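So the structure is just underneath, and the comments pick up after that.
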Amino acid sequence: MASSLRVSLHERTASTTGTSGNVPLVTPTNHGYIAHEAPALAHAARYPVILFLSLLILHKSFSSARKWKAAAPREQYRRPTQVPYLTPMLGNAFSFLYAPQELARSISERLGKSGIFSLNMLTQEVYVVSGSEYLNAIWKDTKKVMMSHDALNLSLSNMFGVPGREMPFFLGDRTGSSHDPHASSPARDPDHRVSYLMLKTTADYLSGTHLTATAQKYQAAMKSQVDILPIGDDWVEMDDLFSFTRRLIANSTVETMLGSSFLSQFPDFVDNFYTYNSKIRRFLQGWPKFLLPKAWCARKRCIDIMQQWRKTVNAQDFDGSPMMLKRWSWFEKWNISDDAIAASDLGILWGTFSNAIILAFWLCWHTLQDEQLLSAATVEMDECRTKDASSSSSFDTTKLNSQPLMQ
């Protein structure tokens, strides 16, 4: 028994001379067992354990304090459902970064498909909103919704590369995007209400007479893109219809917004944009450059192109969207740096591309699959077709938008 005890209580550790040997922690004698001082390594091994336990307790304390604060009587709001996690401190961060689809599936299966759920992300809390009733409630009462500092930082800094030195100006605007400043926001110069003025500028130039002019420019840009395609009168089979559609719409959109000569000067822009966009989720999650070298280089190239282009634009000869000129005038008034303006311009292009191209593709795909729908759409389009003096075809967009099917 004593022999087995000696073996089980021996520990290999380094001696003060640098050699190693078996140092007994307990020595059996005729009068019992004598305990020795634990070796240095045993002392050292305690510290990581103590540190981990201390951080765990600290993390739990903060979580409890946060929940207690949220449950206080003065907060008359229901807390979101906490998504469970196994690893203290890390919380849901690993799943969010590396397996977001699996995380969404897990939330749906365990907690329901509809609700507001809270993800623990190290020192931050991220909310996931799911279900039409919750989303409708948010959109119906946007005056009470303010973009958080974290969300604004994720979109401007992480996704689009706005330099950190410029972020305090954007983060300082807590007034919201509605006409009237948010009731609980700090006072701010009306000319420095970034969210509201950017949204208003976009709305002004995408409605009324400005929208009509933009639609005509887009139609002309699309026609010029189609004219250079090697397509004849016969139907042909394509390996990747989405890539074809994406390139066609992206080129037309870029010309409409930035001018007809933009792509001839920077023919690599669209390719770099989609290399960058292929990792947009990783940018949103804050992945560092060394993990996304190709995508980071592509984003930098896009920002450099936007910056070079703006410096060469002559407002008098600019045939792009006047919305861009208005945006640039605001940025110059706010004394925003050139690279921050370029990053913001990349953001407005990303917002234009991301949804419109996908929606357009699936609309075309569905129409081409349904012969009856295709025939009805063709009839309405033919009714709106016009020809100019050169016999070049175009469409009356106002009439087209009033058609029963195409509106």
Once the in-chain neighbours fewer than 8 apart are removed, the aspartates and glutamates whose Cα is under 14 Å from Lys300 read Asp268, Asp271, Asp338, Asp339, Asp345
In square angstrom, rounded to the nearest 10, how much accessible surface does Lys399 have for a 1.4 Å probe? 90
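Report relative contact order for the range 334-407 in percent, whole number only (criteria: Cα-Cα under 8 Å, sequence separation at least 6).
Here the relative contact order equals 18 percent.
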Counting only protein heavy atoms and leaving out ligands, DNA and RNA, the solvent-accessible surface of Tyr98 at a 1.4 Å probe, in Å² to the nearest 10, equals 120
With a 1.4 Å probe and all protein chains kept in place, how much accessible area does Asp234 have, in Å² rounded to the nearest 10? 120
To the nearest 0.05, the calculated FRET efficiency linking Thr378 and Lys289 through their beta-carbon distance, R0 being 35 Å, is 0.10
Taking 8 Å as the Cα distance limit and 6 or more residues as the minimum spacing, I'd like the relative contact order of the range 143-297 as a percentage. 20
Got a sec? What order do Leu359, Leu373 fall in by accessible area at 1.4 Å, biggest, i.e. largest, first? Leu359, Leu373
Ratio of alpha-carbon Rg to the 2.2 N^0.38 Å globular estimate for the range 272-320, to two decimals, please. 1.45
Cross-link pairs beyond the 19 Å C-alpha cut-off, checked among Lys200/Lys326; Lys200/Lys333; Lys200/Lys279: Lys200/Lys279
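The values are calculated or read from the model by the stated rules, or taken from the named source; none is laboratory data. As the structure is a prediction and not an experimental result, all values here were calculated from the model. Cβ coordinates were reconstructed from backbone atoms using ideal geometry, including for glycine residues, and neighbour counts include every protein chain displayed. Side chains included, ligands, DNA and RNA excluded: accessible areas come from the protein's heavy atoms. Shrake-Rupley method; radii C 1.70, N 1.55, O 1.52, S 1.80 Å.
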